[in-house]
Amino acid sequence: MEKMKLPLKSLIVVYSYHHSNTQKVAQAMAKVLDAQVKSPQQTNPEEPNQYDLVGFGAGIDSGKHYRELLDFADALPQVTDKKAFIFSTSGITGEKKLAKDHSALRDKLQSKGYLIVEEFQCKGFNTNSFLKYFGGINKGRPNIEDLKRAEEFASRLKE
């Protein structure tokens, strides 16, 4: 008899600041995963233990996820091979940039026993530092295509 695949119980912890860029991405993923979306402030560090899959996301600030999410990762208890994924929005994106931007969070999660199954990044509207004087970059991002990519990413996580 074939074993029935039970739906994954999923949680997405997202810190979305400025323009709600990363929140939009989290909501697109949550729709596919039927996941709960919470901020680090709304989440007890023990809570991810109750889920099969946990997503961690935030915007990128100075080459790494926002401090609020990194602090939350520091507070997490040790786990054994708990499946997780990482995501972000950033002014500038690319394979090498994603690897570098996610390294601080990835290292923290792996040191706690999390198994990083997949990572996602897309452009986000950015008005940080001097960019605000020029109206920012990536206005209107994440756009419909970015959110569709986030949904496709989430679909792959379910498989």
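Where a number appears in this text, it was derived from the coordinates with a stated rule and is not lab data. None of these values were measured; they are calculated from a predicted model. Virtual Cβ from ideal backbone geometry, glycine too; neighbours counted across all protein chains shown.
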Handout entry: Radius of gyration and Dmax over the Cα atoms of the chain, both given in Å
Key = 15.4, 64
Completion exercise
Counting Lys and Arg as +1 and Asp and Glu as -1 over every other residue whose Cβ sits under 13 Å from the Cβ of K123, the net charge comes to +2
Problem - Amide H within-cut-off set for I12, under 5 Å, with H built and near neighbours excluded - result: Q36, V37, K38, G55
Practice task
Could you work out the local net charge near N49, counting Lys and Arg as +1, Asp and Glu as -1, over the other residues with Cβ closer than 15 Å to its Cβ?
Solution key: +1
Practice task
Among S103, L115, P48, pick out the residue whose Cα is farthest towards the positive end of the charge dipole of the chain, where Lys and Arg carry +1 and Asp and Glu carry -1 on C-beta, about the Cα centre.
Solution key: S103
Handout entry: Of K100/K123; K83/K139; K83/K148; K82/K123, pairs whose Cα-Cα distance is over 26 Å
Key = K83/K139; K82/K123
Fill in the blank from the handout: With L105 itself left out, Lys, Arg at +1 and Asp, Glu at -1 over residues whose Cβ is under 10 Å from its Cβ give 0
Exercise for the section: Could you calculate, for region 1-95, the ratio of the Cα radius of gyration to the Kirkwood radius, expressed as Rg to Rh? Expected result: 1.00
Exercise for the section: Show the residues, 5+ positions off or on another chain, whose built amide H is closer than 5 Å to the amide H of D61. Expected result: Y66
Exercise for the section: Beta carbons within 10 angstrom, averaged per residue: use that to sort the peptides 57-64, 40-47, highest first. Expected result: 57-64, 40-47
Exercise for the section: Note down the magnitude of the dipole of the chain about its Cα centre, charges +1 on Lys and Arg C-beta and -1 on Asp and Glu C-beta and zero elsewhere, to the nearest 20 debye. Expected result: 360
Exercise for the section: Just check region 10-61 against the gyration tensor rule for me: Cα atoms, a ≥ b ≥ c as the square roots of the eigenvalues, rounded for a/c under 1.5, and otherwise prolate or oblate depending on whether a/b exceeds b/c. Expected result: oblate
Fill in the blank from the handout: Karplus-derived 3J(HN,Hα) from phi for region 48-57 (6.51 cos²θ - 1.76 cosθ + 1.60, θ = phi - 60°), whole Hz, x at Gly and Pro, runs x, 4, 7, 10, 7, 9, 10, x, 10, x
Problem - 5 angstrom amide H check on G124, placed H, neighbours 5+ away - result: S90, G91
